[in-house]
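Q: This structure is in structure tokens; I'll ask about it shortly.
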Amino acid sequence: MAPKNQARETREARERLRLYEARQGLHDRQRRRRVRDNLIGVGALVVVAAIATGSQLAFAGSHGSPKADPSASATATPTPSASATPANTGDVPSKTIAKGSTWTGSLTLNKDVRLGIELDGKAAPQAASVEIDLIRKQFYEGTKCHRLADSADFEFLQCGSANGDGTGDAGFQYGPVENTPKDDVYRTGTIAIARSSTTYSQSTQFFIVYGDTKLDGSTGGYTVVGKVTSGLDDLQREITSKGITDAGDDGTGTPKVATTITGATIEREQ
């Protein structure tokens with residue numbers, strides 16, 4: 001990629017994160033104001049933690065082939081050691097947002113590939129709540145789908161990094177992993193949450209499975225947050241069938257068709 005394009009994409013990623021943080025800051029200020037108004041005369045003080053930024057998420061796992069594991073690249077923030085107590089970091093959206101309900105909406109890629117989506121707030125309340133919050137705040141719009149796997153039994157498209165290259169997030173990481181398949185097979189249409197080496201390293205990245213994919217579950221697996229309900233044929237015809245460039249030993253690479261999320265909607269099913 002040309003340096004000018006890299007610089008432009010970096011500026012766009014920073015601006016997108018700045019706008020997200022501004023929207024989240026407005027939401028926090030409104031929430032604090034409501035709490036303050038409800039507690040006038042009692043002298044309550046609301047303290048809101050600052051948002052941490054700059055962490056990097058990537059998909060980590062393995063499948064049943066002899067190829068090398070598609071492991072995450074180095075993170076921008078230190079990865080907790082195995083002995084550290086797992087914990088959320090940053091201002092993670094409340095897991096009550098999903099309300100234990102089914103949520104439906106859409107994810108549009110390159111303006112003309114429209115996927116119907118469904119999020120399971122009962123089976124994956126924390127992950128669903130995070131995705132709902134990010135979609136509502138338009139975090140994903142303008143981000144890229146940077147990684148594609150297109151080998152047998154290993155077919156997914158990974159999206160959602162703030163910088164469009166597998167790095168950057170919204171300033172938080174969370175866990176634990178929820179709703180993993182017992183047989184380690186992620187069925188066609190699955191939407192799951194990407195992470196790095198720990199089960200508390202989930203953030204903004206997710207992957208869409210367009211062909212049954214088996215991943216190594218020995219490290220905890222990956223949260224199945226929902227599914228694609230329509231549009232997979234369009235996704236395969238327009239994007240995934242075109243293949244990858246810069247293929248690595250793990251069978252993944254950059255989609256030949258540059259893929260950008262151009263729209264996302266979500267609402268609670270009535």
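The values are calculated or read from the model by the stated rules, or taken from the named source; none is laboratory data. Because the structure is a prediction, the values reported are computed rather than measured. Positions of Cβ are generated from backbone atoms using ideal geometry, with glycine treated the same way; all protein chains shown enter the neighbour counts. Keep in mind that these areas ignore ligands, DNA and RNA; they rest on the heavy atoms of the full protein, side chains included. Shrake-Rupley method; radii C 1.70, N 1.55, O 1.52, S 1.80 Å.
Q: Between Glu269 and Asn88, what is the spin-label point distance in nm, taking each point 7 Å from the Cα along the Cα→C-beta axis?
A: 2.5 nm
Q: Could you tell me which residue out of Thr240, Val228, Ala194 lies farthest along the dipole of the range 164-248 toward its positive end? Charges go on the beta carbon: Lys and Arg +1, Asp and Glu -1, centred on the Cα centre.
A: Val228
Q: What ranking do 258-265, 192-199 get when scored by the average of other Cβ atoms within 10 Å per residue, highest first?
A: Output ranking for 258-265, 192-199: 192-199, 258-265.
Q: Which of the lysines could a cross-linker bridge to Lys227, judged by Cα under 23 Å and excluding same-chain residues fewer than eight apart?
A: Within reach: Lys95, Lys99, Lys111, Lys122, Lys137, Lys144, Lys182, Lys214, Lys242.
Q: Quick one: with all protein chains in place, what share of the accessible area of the range 201-254 is carbon or sulfur, to the nearest percent (1.4 Å probe)?
A: Using a 1.4 Å probe with all protein chains present, the range 201-254 comes out at 42 percent carbon and sulfur.
Q: Now, a different point. Compute, for the range 224-269, the length of the dipole vector about the Cα centre, with Cβ point charges of +1 (Lys, Arg) and -1 (Asp, Glu) only. Units Debye, rounded to 20.
A: For this selection, approximately 100 debye.
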